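Read through the structure below, which is laid out as C-alpha coordinates, and then see the notes.
The values are calculated or read from the model by the stated rules, or taken from the named source; none is laboratory data. Just so you know, these numbers come straight off a predicted model, no measurement behind them. With ideal geometry, Cβ positions are generated from the backbone for all residues, glycine too; neighbour counts draw on all protein chains shown. Note: areas computed on protein heavy atoms with side chains; ligands, DNA, RNA excluded. Shrake-Rupley method; radii C 1.70, N 1.55, O 1.52, S 1.80 Å.
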Amino acid sequence: MNETKVQFWGVRGSIPAPGPLTAGVGGNTSCVELRVGEQIIVLDAGTGIRGLGLSLEREFAGRALELTLLISHTHWDHIQGFPFFKPVYNPENRVHIRGYEGARSPFSAVMLAQMESPYFPVEMKQLPANIDLLELQEFDFAVESCAVKARLLNHPGVCAGYRIETPGGAVVYLPDNEPQVRMREIQKAAGLEVSEDTMVRAQKCDAALIDLMRGARVVIGDSHYTPEEYPKHVGWGHSDAETVTRLAMEAGVEELYLFHHHPEHDDQQVTAKTMHCQRVAEGSGLRVAAAVEGLSVVF
Ligand SMILES: [Zn+2]
Ligand SMILES: [Zn+2]
(Lines give C-alpha, C1' and ligand atoms only; values in the text may rest on other atoms or scores of the structure.)
(Ligands and ions follow the chains in the order given, each with its own letter.)
Protein backbone atom coordinates (compact mmCIF):
# COMPACT_ATOMS: atom_id res chain seq x y z
CA MET A 1 0.00 0.00 0.00
CA ASN A 2 2.75 2.42 0.97
CA GLU A 3 5.14 1.13 -1.63
CA THR A 4 7.29 3.70 -3.45
CA LYS A 5 8.09 3.35 -7.13
CA VAL A 6 10.49 5.48 -9.15
CA GLN A 7 10.12 5.12 -12.89
CA PHE A 8 12.34 6.75 -15.51
CA TRP A 9 10.56 8.09 -18.62
CA GLY A 10 13.27 10.45 -19.87
CA VAL A 11 16.92 10.40 -18.78
CA ARG A 12 18.69 12.53 -21.40
CA GLY A 13 19.94 16.08 -20.92
CA SER A 14 19.76 19.16 -23.15
CA ILE A 15 17.95 17.80 -26.23
CA PRO A 16 16.28 14.53 -27.22
CA ALA A 17 18.79 12.10 -28.73
CA PRO A 18 16.86 9.29 -30.42
CA GLY A 19 18.42 6.76 -32.77
CA PRO A 20 20.04 3.34 -32.86
CA LEU A 21 23.12 4.35 -30.85
CA THR A 22 21.07 5.56 -27.86
CA ALA A 23 18.18 3.08 -28.05
CA GLY A 24 19.31 1.15 -24.96
CA VAL A 25 19.49 4.12 -22.58
CA GLY A 26 16.78 6.13 -24.34
CA GLY A 27 16.72 9.51 -26.05
CA ASN A 28 13.94 11.36 -24.22
CA THR A 29 14.67 14.31 -21.95
CA SER A 30 14.06 14.53 -18.19
CA CYS A 31 10.92 13.00 -16.72
CA VAL A 32 10.71 10.78 -13.66
CA GLU A 33 7.50 9.37 -12.16
CA LEU A 34 7.29 8.83 -8.43
CA ARG A 35 4.44 6.77 -6.96
CA VAL A 36 3.98 6.83 -3.24
CA GLY A 37 1.08 4.51 -2.53
CA GLU A 38 -1.70 6.00 -4.68
CA GLN A 39 -0.07 9.41 -5.03
CA ILE A 40 1.57 10.43 -8.28
CA ILE A 41 4.38 12.98 -8.36
CA VAL A 42 6.05 13.75 -11.69
CA LEU A 43 9.51 15.29 -11.74
CA ASP A 44 9.97 17.47 -14.82
CA ALA A 45 8.17 17.49 -18.14
CA GLY A 46 10.88 16.77 -20.71
CA THR A 47 9.88 14.71 -23.75
CA GLY A 48 9.73 11.57 -21.58
CA ILE A 49 6.42 12.81 -20.16
CA ARG A 50 4.66 11.89 -23.42
CA GLY A 51 5.18 8.17 -22.74
CA LEU A 52 4.10 8.62 -19.12
CA GLY A 53 0.88 10.29 -20.31
CA LEU A 54 0.04 7.38 -22.61
CA SER A 55 0.71 4.90 -19.83
CA LEU A 56 -1.49 6.82 -17.35
CA GLU A 57 -4.30 6.97 -19.91
CA ARG A 58 -4.21 3.20 -20.26
CA GLU A 59 -4.05 2.68 -16.50
CA PHE A 60 -6.82 5.14 -15.60
CA ALA A 61 -9.08 4.43 -18.60
CA GLY A 62 -12.34 6.16 -17.64
CA ARG A 63 -11.24 7.11 -14.10
CA ALA A 64 -10.23 10.64 -13.08
CA LEU A 65 -6.58 11.18 -12.34
CA GLU A 66 -4.82 13.62 -10.02
CA LEU A 67 -1.10 14.32 -9.95
CA THR A 68 1.50 16.92 -9.02
CA LEU A 69 4.16 17.96 -11.50
CA LEU A 70 7.26 19.43 -9.87
CA ILE A 71 9.42 21.36 -12.32
CA SER A 72 13.12 21.79 -11.48
CA HIS A 73 13.57 24.68 -13.93
CA THR A 74 12.22 25.83 -17.25
CA HIS A 75 15.05 24.98 -19.64
CA TRP A 76 13.51 23.30 -22.71
CA ASP A 77 14.70 19.81 -21.81
CA HIS A 78 12.59 19.96 -18.60
CA ILE A 79 9.30 21.38 -19.94
CA GLN A 80 9.14 20.65 -23.66
CA GLY A 81 7.06 17.48 -23.39
CA PHE A 82 4.25 19.13 -21.40
CA PRO A 83 2.03 20.07 -24.39
CA PHE A 84 2.07 16.38 -25.40
CA PHE A 85 1.08 15.04 -21.96
CA LYS A 86 -2.32 13.49 -22.73
CA PRO A 87 -3.86 13.67 -19.21
CA VAL A 88 -4.11 17.49 -19.56
CA TYR A 89 -6.62 16.99 -22.39
CA ASN A 90 -9.10 15.14 -20.15
CA PRO A 91 -11.57 17.45 -18.30
CA GLU A 92 -11.88 14.95 -15.40
CA ASN A 93 -8.21 15.17 -14.47
CA ARG A 94 -6.52 17.45 -11.94
CA VAL A 95 -2.94 18.50 -12.52
CA HIS A 96 -1.05 20.65 -10.02
CA ILE A 97 2.08 22.24 -11.50
CA ARG A 98 4.71 23.66 -9.17
CA GLY A 99 8.06 25.35 -9.72
CA TYR A 100 10.17 28.37 -8.82
CA GLU A 101 10.59 31.78 -10.38
CA GLY A 102 13.08 31.73 -13.23
CA ALA A 103 16.00 34.08 -13.66
CA ARG A 104 13.91 36.77 -15.34
CA SER A 105 10.27 35.69 -15.48
CA PRO A 106 7.61 34.33 -13.15
CA PHE A 107 7.25 30.53 -13.32
CA SER A 108 3.71 30.60 -14.72
CA ALA A 109 4.67 33.10 -17.46
CA VAL A 110 7.37 30.77 -18.77
CA MET A 111 5.10 27.71 -18.67
CA LEU A 112 2.36 29.63 -20.53
CA ALA A 113 4.76 31.12 -23.06
CA GLN A 114 5.92 27.83 -24.54
CA MET A 115 2.30 27.06 -25.52
CA GLU A 116 1.57 30.44 -27.08
CA SER A 117 1.16 30.93 -30.80
CA PRO A 118 3.34 30.63 -32.90
CA TYR A 119 5.08 27.92 -30.83
CA PHE A 120 2.04 25.68 -30.28
CA PRO A 121 -1.60 25.60 -31.49
CA VAL A 122 -3.26 25.09 -28.05
CA GLU A 123 -2.78 27.57 -25.24
CA MET A 124 -2.41 26.46 -21.62
CA LYS A 125 -5.76 28.10 -20.67
CA GLN A 126 -7.55 26.10 -23.40
CA LEU A 127 -6.47 22.76 -21.91
CA PRO A 128 -9.56 20.85 -20.71
CA ALA A 129 -8.06 19.40 -17.49
CA ASN A 130 -8.24 21.25 -14.16
CA ILE A 131 -4.78 22.71 -14.03
CA ASP A 132 -3.43 24.87 -11.25
CA LEU A 133 -0.10 26.40 -11.92
CA LEU A 134 1.61 27.82 -8.85
CA GLU A 135 4.97 29.41 -8.22
CA LEU A 136 6.49 27.96 -5.06
CA GLN A 137 7.51 30.47 -2.41
CA GLU A 138 8.67 28.05 0.29
CA PHE A 139 11.53 25.59 0.18
CA ASP A 140 9.91 23.19 2.65
CA PHE A 141 6.42 22.07 1.74
CA ALA A 142 4.30 18.95 1.29
CA VAL A 143 2.77 17.18 -1.66
CA GLU A 144 -0.15 15.37 -0.04
CA SER A 145 1.49 13.02 2.51
CA CYS A 146 5.09 13.58 1.33
CA ALA A 147 7.31 16.20 2.93
CA VAL A 148 9.41 17.94 0.29
CA LYS A 149 12.59 19.96 0.75
CA ALA A 150 13.80 22.01 -2.21
CA ARG A 151 17.19 23.66 -2.62
CA LEU A 152 18.57 25.82 -5.41
CA LEU A 153 21.37 24.13 -7.33
CA ASN A 154 24.39 25.53 -9.17
CA HIS A 155 23.06 25.90 -12.71
CA PRO A 156 22.57 28.89 -15.05
CA GLY A 157 19.34 30.71 -14.11
CA VAL A 158 17.39 28.90 -11.42
CA CYS A 159 17.24 25.15 -10.89
CA ALA A 160 15.73 23.45 -7.85
CA GLY A 161 16.66 20.04 -6.51
CA TYR A 162 13.95 18.19 -4.58
CA ARG A 163 14.17 15.78 -1.66
CA ILE A 164 10.89 13.88 -1.27
CA GLU A 165 10.34 11.78 1.84
CA THR A 166 8.49 8.51 1.27
CA PRO A 167 7.73 5.68 3.73
CA GLY A 168 10.55 3.63 2.16
CA GLY A 169 13.15 6.44 2.33
CA ALA A 170 13.97 9.71 0.61
CA VAL A 171 14.14 10.22 -3.14
CA VAL A 172 16.41 13.12 -4.15
CA TYR A 173 16.18 14.61 -7.62
CA LEU A 174 19.18 16.71 -8.72
CA PRO A 175 18.79 16.98 -12.48
CA ASP A 176 21.10 19.87 -13.44
CA ASN A 177 23.84 20.81 -11.02
CA GLU A 178 27.54 21.64 -11.04
CA PRO A 179 29.24 20.77 -7.74
CA GLN A 180 31.31 23.75 -6.72
CA VAL A 181 34.46 22.40 -5.07
CA ARG A 182 35.42 20.36 -8.14
CA MET A 183 34.65 23.39 -10.33
CA ARG A 184 36.97 25.64 -8.31
CA GLU A 185 39.73 22.99 -8.11
CA ILE A 186 39.80 22.75 -11.88
CA GLN A 187 39.82 26.53 -12.30
CA LYS A 188 42.74 26.70 -9.86
CA ALA A 189 44.64 23.96 -11.67
CA ALA A 190 44.14 25.90 -14.92
CA GLY A 191 45.88 28.90 -13.34
CA LEU A 192 42.80 31.00 -12.55
CA GLU A 193 42.79 32.97 -9.33
CA VAL A 194 40.42 31.35 -6.81
CA SER A 195 40.32 33.21 -3.51
CA GLU A 196 40.12 31.57 -0.09
CA ASP A 197 36.63 33.08 0.30
CA THR A 198 35.44 31.58 -2.96
CA MET A 199 36.74 28.17 -1.90
CA VAL A 200 34.96 28.42 1.47
CA ARG A 201 31.71 29.33 -0.33
CA ALA A 202 32.17 26.36 -2.66
CA GLN A 203 32.68 24.03 0.31
CA LYS A 204 29.54 25.37 1.98
CA CYS A 205 27.58 24.85 -1.21
CA ASP A 206 28.73 21.22 -1.60
CA ALA A 207 28.05 20.61 2.10
CA ALA A 208 24.46 21.79 1.59
CA LEU A 209 24.16 19.42 -1.35
CA ILE A 210 25.45 16.52 0.75
CA ASP A 211 22.92 17.48 3.43
CA LEU A 212 20.09 17.34 0.89
CA MET A 213 21.23 13.84 -0.17
CA ARG A 214 22.01 12.59 3.36
CA GLY A 215 20.96 8.97 3.86
CA ALA A 216 18.67 8.98 0.82
CA ARG A 217 17.28 5.73 -0.51
CA VAL A 218 17.59 6.96 -4.11
CA VAL A 219 19.45 9.91 -5.61
CA ILE A 220 18.89 10.84 -9.25
CA GLY A 221 21.93 12.94 -10.06
CA ASP A 222 23.27 15.03 -12.93
CA SER A 223 26.03 13.00 -14.63
CA HIS A 224 26.20 14.91 -17.89
CA TYR A 225 29.94 14.57 -18.45
CA THR A 226 32.63 11.96 -18.03
CA PRO A 227 35.47 13.04 -15.68
CA GLU A 228 37.67 13.51 -18.79
CA GLU A 229 35.17 15.80 -20.55
CA TYR A 230 34.32 17.96 -17.56
CA PRO A 231 37.41 20.25 -17.43
CA LYS A 232 36.46 21.65 -20.88
CA HIS A 233 32.96 22.52 -19.63
CA VAL A 234 33.57 24.19 -16.29
CA GLY A 235 30.85 26.76 -15.55
CA TRP A 236 28.30 25.14 -17.88
CA GLY A 237 26.15 24.04 -14.93
CA HIS A 238 26.60 20.26 -15.02
CA SER A 239 28.40 17.59 -13.06
CA ASP A 240 30.68 14.83 -14.18
CA ALA A 241 29.59 11.35 -13.14
CA GLU A 242 32.49 10.74 -10.77
CA THR A 243 31.99 13.93 -8.75
CA VAL A 244 28.31 13.21 -8.07
CA THR A 245 29.28 9.64 -7.14
CA ARG A 246 31.82 10.88 -4.58
CA LEU A 247 29.29 13.33 -3.08
CA ALA A 248 26.67 10.57 -2.83
CA MET A 249 29.23 8.34 -1.05
CA GLU A 250 29.91 11.11 1.43
CA ALA A 251 26.17 11.55 2.02
CA GLY A 252 25.65 7.85 2.80
CA VAL A 253 23.22 7.40 -0.09
CA GLU A 254 21.99 3.87 -0.81
CA GLU A 255 21.51 4.06 -4.56
CA LEU A 256 22.63 6.63 -7.14
CA TYR A 257 21.12 6.78 -10.62
CA LEU A 258 23.34 8.60 -13.10
CA PHE A 259 20.97 10.95 -14.95
CA HIS A 260 20.77 13.73 -17.58
CA HIS A 261 23.10 11.87 -19.92
CA HIS A 262 24.89 13.98 -22.55
CA PRO A 263 23.00 13.83 -25.88
CA GLU A 264 26.21 12.74 -27.63
CA HIS A 265 26.83 9.81 -25.28
CA ASP A 266 25.81 6.55 -26.92
CA ASP A 267 24.83 3.40 -25.00
CA GLN A 268 28.42 2.18 -24.82
CA GLN A 269 29.66 5.45 -23.37
CA VAL A 270 26.90 5.50 -20.74
CA THR A 271 27.83 1.92 -19.77
CA ALA A 272 31.53 2.84 -19.53
CA LYS A 273 30.72 5.94 -17.43
CA THR A 274 28.55 3.83 -15.11
CA MET A 275 31.19 1.10 -14.70
CA HIS A 276 33.78 3.73 -13.84
CA CYS A 277 31.52 5.13 -11.10
CA GLN A 278 30.78 1.62 -9.79
CA ARG A 279 34.55 1.09 -9.38
CA VAL A 280 34.84 4.47 -7.59
CA ALA A 281 32.06 3.45 -5.16
CA GLU A 282 33.33 -0.09 -4.55
CA GLY A 283 33.27 -1.00 -0.86
CA SER A 284 31.45 2.22 0.14
CA GLY A 285 27.95 0.75 0.37
CA LEU A 286 26.71 3.02 -2.44
CA ARG A 287 25.20 1.24 -5.43
CA VAL A 288 25.51 3.08 -8.75
CA ALA A 289 23.45 2.45 -11.87
CA ALA A 290 22.56 4.37 -15.02
CA ALA A 291 19.10 5.87 -15.23
CA VAL A 292 17.62 4.18 -18.28
CA GLU A 293 14.26 4.83 -19.93
CA GLY A 294 11.69 2.29 -18.74
CA LEU A 295 13.66 1.31 -15.64
CA SER A 296 11.72 1.27 -12.39
CA VAL A 297 12.88 0.99 -8.80
CA VAL A 298 10.44 -0.25 -6.15
CA PHE A 299 10.95 -0.16 -2.38
ZN1 LIG B 1 18.70 19.92 -18.30
ZN1 LIG C 1 19.14 23.29 -17.36
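Look at R104 and say whether it is away from ligand 1 (no atom under 16 Å from the Cβ), among the charged types (D, E, K, R) and not in a strand (DSSP E or B). Spell out how you get there, then give the answer.
On the way: away from ligand 1 (no atom under 16 Å from the Cβ): yes; among the charged types (D, E, K, R): yes; not in a strand (DSSP E or B): yes.
Answer is yes for this residue.
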Hey, could you check the stretch 10-39 for residues that are among the hydrophobic types (A, V, I, L, M, F, W, C) and in a strand (DSSP E or B) and say which is surrounded by the fewest Cβ atoms within 10 Å (Cβ to Cβ)?
V36
In the stretch 224-235, the residues that are open to solvent by 30 Å² or more (accessible area, probe 1.4 Å) and either touching a residue at least 60 places away in the same chain (Cβ under 8 Å) or of a type in the set (A, V, I, L, M) (or both)
V234
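Of everything in the stretch 12-34 that's among the hydrophobic types (A, V, I, L, M, F, W, C) and under 20 Å from Y225 (Cβ atoms), which residue is farthest from the chain's Cα centre (by Cα)? Steps first, answer last, please.
Initial filter on the stretch 12-34 (among the hydrophobic types (A, V, I, L, M, F, W, C)): 15, 17, 21, 23, 25, 31-32, 34.
Going one step further and asking which of them are under 20 Å from Y225 (Cβ atoms), we end up with 15, 17, 21, 25.
Working: I15: 14, A17: 17, L21: 23, V25: 16 Å.
Step by step, filter the stretch 12-34, then rank; the result is L21.
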Quick check: is even one residue across the stretch 149-169 aromatic (F, W, Y), part of a strand (DSSP E or B) and away from ligand 2 (no atom under 16 Å from the Cβ)?
no
Taking D77 and the conditions (1) assigned to a helix (DSSP H, G or I); (2) out of contact with any helix residue (DSSP H, G or I) (no Cβ under 6 Å at 6 or more places or on another chain); (3) more than 16 Å from ligand 2 (Cβ to nearest atom), which numbered condition does it fall short on, given that it satisfies the others?
(3)
Collect the residues in the stretch 200-223 that are open to solvent by 80 Å² or more (accessible area, probe 1.4 Å) and either within 23 Å of A241 (Cβ to Cβ) or in contact with a Phe, Trp or Tyr (Cβ under 8 Å, 6 or more places away or on another chain) (or both), keeping them in residue-number order.
Q203, D211, R214
Counted residues, the stretch 138-160 - those being open to solvent by less than 10 Å² (accessible area, probe 1.4 Å), within 23 Å of G235 (Cβ to Cβ) and in contact with an Asp or Glu (Cβ under 9 Å, 6 or more places away or on another chain)
1
Restricting attention to the stretch 170-198, which residues are among the charged types (D, E, K, R), touching a residue at least 24 places away in the same chain (Cβ under 8 Å) and either in contact with a strand residue (DSSP E or B) (Cβ under 7 Å, 6 or more places away or on another chain) or not in a loop (DSSP other than H, G, I, E, B) (or both)?
D176, R182
Suppose we filter the stretch 241-260 for residues that are touching a strand residue (DSSP E or B) at 6+ places or on another chain (Cβ under 9 Å), of a type in the set (D, E, K, R) and open to solvent by 30 Å² or more (accessible area, probe 1.4 Å); how many remain?
1
Reported set for the stretch 261-299 where residues are in a loop (DSSP other than H, G, I, E, B) and surrounded by 14 or more Cβ atoms within 10 Å (Cβ to Cβ) is H262, P263, H265, D266, S284, L286, A291, V292, E293, L295, F299
Residue in the stretch 80-137 that is most open to solvent (accessible area, probe 1.4 Å), counting only those that are closer than 23 Å to Y162 by Cβ and of a type in the set (D, E, K, R):
R104
Filter the stretch 1-55 for residues that are within 16 Å of ligand 1 (Cβ to nearest atom) and of a type in the set (D, E, K, R); the one that is nearest to M111 (Cα to Cα) is D44
Can you find a residue that is out of contact with any Ser or Thr (no Cβ under 8 Å at 6 or more places or on another chain), farther than 27 Å from Q268 by Cα, touching a residue at least 24 places away in the same chain (Cβ under 8 Å) and within 16 Å of ligand 2 (Cβ to nearest atom) anywhere in the stretch 80-99?
yes
Mind checking whether some residue in the stretch 181-199 is surrounded by 13 or more Cβ atoms within 10 Å (Cβ to Cβ), closer than 21 Å to L286 by Cβ, charged (D, E, K, R) and touching a Ser or Thr at 6+ places or on another chain (Cβ under 8 Å)?
yes
